[in-house]
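Scroll down for the structure; my scribbles are underneath it.
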Amino acid sequence: MNQLKIKISENIRVSGNYFRLKFRSEQLSKTARPGQFIELKVTDGLEPLLRKPLGIHRIISPNMVEVLYEVIGKGTEALSKRSPGEVLDVIGPLGNGFDLGSRVEGPGSRVLVAGGIGAAPLVFLAQKLRPLSAKPPEGTIDHRPSTLGRPLVLIGAKTKDALLCEKEFKDLGCNVSIVTEDGSKGHKGFVTDLLKKVLNTQYSILNTIYTCGPKSMLKAVAHISTKYRTPCQLLLEEYMACGVGVCLGCPIKVKTQYPCLAGRQAILNTQYQYKMVCKDGPVFRADEVIWE
Amino acid sequence: MNTSVKVGRIRLKNPVIAASGTFGVEYNELVDIESLGAVVAKTITLNAREGNPPPRLVETPAGMLNSIGLENAGLQDFINKKLPAYLKLKVPVIASISAETAGELMELAKRLDKTAVEGIELNLSCPNIRSGTLISQDPKATYEAVRQVKKATEKTVIAKLSPNVTDIRVFAKAAEEGGADAVSLINTFFAMAVDIEKRRPLLGNITGGLSGPPIKPIALKMVWDAFNEVDIPIIGIGGIMTYKDAMEFIICGATAIQVGTANFINPQVTVEIIDGIRQYMTRKNINSLKKLIGSLEVR
C-alpha cells in the first residue's frame with residue numbers, strides 16, 4: 001500500500017455514463033493483484049470530502065493503470081471532469097484480491113460472471129488467469145484444442161449500449177458470451193440464466209466462478225454456485241471512508257461456524273460476524289456471505 | 001524550537017494526536033506514526049461489541065456521518081493484541097474506554113492501569129450507543145464517572161465531551177471537579193440523512209454523528225468557552241484538516257489537538273500538521289508552543 005501522486009494520462013467517456021481513467025504508476029502496476037482497489041481523492045477541495053474506492057480495470061505495459069468507472073454520484077461526477085495532466089492523490093493497492101488458485105485446470109475451469117460495471121475489475125483478473133489456464137501441466141504435451149483452457153466470460157448488461165469490456169476479454173483470448181436484458185445483443189434475459197445453462201451442460205467440472213456486478217446479481221450467482229456446489233468468489237462494493245480497516249465503516253455480514261455440543265452430538269453452530277469489505281475483502285467466498 | 005506540551009502526566013513531543021476510531025497501525029505503511037504526539041486508540045468496552053448494522057457511513061456536504069456503534073473486540077483483545085502493536089511503533093498510546101455504567105468504567109480503568117498506556121480517555125459521548133442520555137449530557141453523571149475512574153487508576157484521565165449540550169462549560173467544569181486531568185472536545189454532533197426516494201434513513205442506525213470541516217467553527221467556540229471556564233488542559237477536536245485549523249484551536253486555548261476524519265482523506269495529514277505548526281512558529285519567531293496556547297487577543 002502506498003500513497004501516490006499520479007498524473008492523469010487519459011480520462012474519457014467510453015459510452016453512456018462509463019469513463020476510462022488512465023495513469024502511469026510503476027508501483028501500482030507492479031504490485032496490484034486482480035480484485036484489489038485504489039482510493040482516489042477526486043478533487044483537491046473539501047467537496048466531496050472522502051476518497052472514492054475504485055477497482056483496477058487492467059494494467060497495460062509499460063506501467064499504465066486503467067480504471068473503468070461509472071458516474072453514479074458526486075465523487076465519480078467530479079472525477080469525470082478531471083483532465084489529462086492533472087494530478088490526483090491515490091492510495092493503493094488496497095484489499096485482498098481474488099484467490100487465483102495454483103493448479104492448472106482442464107477445460108473451462110474458470111467462469112467469470114460480469115454485470116454492468118462489474119465487468120471492469122474482471123478484465124484484470126482475466127489478464128492474470130490467461131497464462132494460468134492456458135499452460136499445460138509440466139512435462140506433458142498440450143493436445144487440447146486452442147479454445148480449451150480459456151476462461152469463459154459471461155457478460156450481462158441491460159442493453160447493448162451498456163455492454164462493457166467484450167473486446168478486452170476477447171483480446172485476452174477468453175470465450176465470451178453476451179446476455180442483455182432487452183435482447184438487443186446476445187442471449188435475452190439475465191446473465192444468471194446463462195450461468196445455470198452453462199453449469200448444466202458443457203462445463204460440469206468447473207473449478208471456480210469469479211463474479212462482480214450489482215448486489216442482486218451477486219446474490220443470484222451465489223445461490224447458483226451453492227446449488228451446483230461450485231466454489232465462487234464475489235467482488236463486493238460498499239461505501240468506504242478509510243479503505244484500510246481503520247474506520248470500520250464498510251461492514252458485511254458473514255457466517256462464522258464454531259463447534260459446540262448439542263446433547264452428546266458435536267455440531268457446527270452458525271452465527272454471524274461483521275467483516276470489513278475494504279480490509280477483509282473486497283473478495284468474499286459466496287458461501288460465507290449473509291444476504292440481507 | 002519547543003513544540004512539547006503536557007497533558008496531565010503525559011509529555012507530548014508535539015500537540016498533534018490521532019483521534020480515537022480514525023487511526024490505527026494499519027496506517028504504518030503510509031505515515032511515520034512515531035512522529036505523532038500520541039495516538040488515541042479505538043474505543044474499547046469491557047466485552048466485545050459487534051457494532052451497528054450497515055450502512056455505517058454517509059457523506060454530507062464537506063463532512064461525513066458515521067454510526068459505527070463502537071464495534072470492538074473488547075478489553076482483553078486490546079491488551080493482548082492492539083496495544084503491543086502500537087507500542088512496537090514507539091508512539092505514546094492513550095486508551096479510549098466506554099461503558100454504560102460507572103462500575104464497568106472503573107473495571108476498564110483498573111485493568112488498563114497495569115498496562116503501558118500513557119493515559120485513558122473516557123468516551124462519555126459516543127452518539128451511536130443509545131440508551132437514553134449520554135453520560136456527558138448529565139453533569140452529575142460526568143462528575144461521577146470521572147471521579148470513579150480517577151479512583152481506579154494513576155494514569156492521566158481525559159474526559160471526552162459531547163457537543164450535544166446547551167452549555168459546554170458546565171460539563172467541562174463537572175469533569176474538572178471530578179478530577180479529570182484534561183478534557184477533550186468535541187465528539188460528533190447527533191445528525192442524520194435521508195434518502196427521499198425511498199423515504200428511508202441513509203444510516204442503518206437511523207442517526208449518527210457528524211464530523212469533518214462543517215463542525216470546526218462550533219468546536220472552536222466550545223474550546224474557547226471551556227478554556228475560559230476550567231484550569232485543566234483542553235484537547236481541541238473537530239474538523240481539523242490543516243495546521244491552520246490546529247493553530248486556531250491552540251490560540252483559542254487548546255493545549256493539544258486531535259485529528260480525526262482528516263486521516264481518512266489524507267493519512268499523512270497529522271505529520272503535515274506538525275510540520276505546518278513548526279513553520280508557523282518559525283515565521284512568527286516563537287520558540288515555545290506553550291506561549292501560543294490561549295493567546296487569542298480579544299481587545
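No lab work stands behind these numbers, since they all come straight from the coordinates. None of these values were measured; they are calculated from a predicted model. Cβ atoms come from the backbone with ideal geometry, glycine included; neighbour counts cover every protein chain shown.
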Counting each DSSP H run of 4 or more residues in chain B as -39500 (n - 2.57), what helix-only mean residue ellipticity at 222 nm follows after dividing by all residues, to the nearest 500 deg cm²/dmol?
-8000 deg cm²/dmol
Give the residue from B:Leu105, B:Gly209, A:Ser61 lying farthest towards the positive end of the charge dipole for the protein assembly as shown; charges sit on Cβ (+1 for Lys and Arg, -1 for Asp and Glu) and the dipole is referred to the Cα centre.
A:Ser61
Enumerate the aspartates and glutamates that A:Lys188 could reach by cross-link, defined here as Cα to Cα under 15 Å, with residues fewer than 8 away along the same chain left out.
A:Asp161
Using only the alpha-carbon atoms of the range B:129-205, report the extent along each of the three principal axes, biggest first, to the nearest angstrom.
53, 24, 19
For chain A, percent of DSSP beta bridges that are antiparallel (nearest 5) comes out at 65
Counting just the Cα atoms, what span does the protein assembly as shown cover along each of its three principal axes? Round to the nearest Å and put the largest first.
84, 69, 53
Over chain B, with a Gaussian network built from C-alpha contacts below 10 Å, which listed residue (B:Arg283, B:Arg49, B:Arg147) shows the highest mean-square fluctuation?
B:Arg283
Would you mind telling me the antiparallel percentage of the DSSP bridges in the protein assembly as shown, rounded to 5?
55
With the Cα gyration tensor of chain B in hand, convert its eigenvalues to equivalent ellipsoid semi-axes via √(5λ) and list them largest first in whole Å.
26, 23, 20
Globularity ratio of the range A:2-94, using Cα Rg and 2.2 N^0.38 Å:
0.97
Among the listed pairs A:Lys74/A:Lys158; A:Lys74/B:Lys216; B:Lys114/B:Lys173; A:Lys5/B:Lys198; B:Lys150/B:Lys290, those beyond 32 Å (Cα-Cα):
A:Lys5/B:Lys198
For chain B, set up a Gaussian network in which alpha carbons nearer than 10 Å are linked by springs, and say which option among B:Asn14, B:Asn285, B:Asn228 fluctuates the most.
B:Asn285
Where does the charge balance sit around A:Gln271 when Lys and Arg score +1, Asp and Glu -1, over other residues with C-beta under 11 Å from its C-beta?
+1
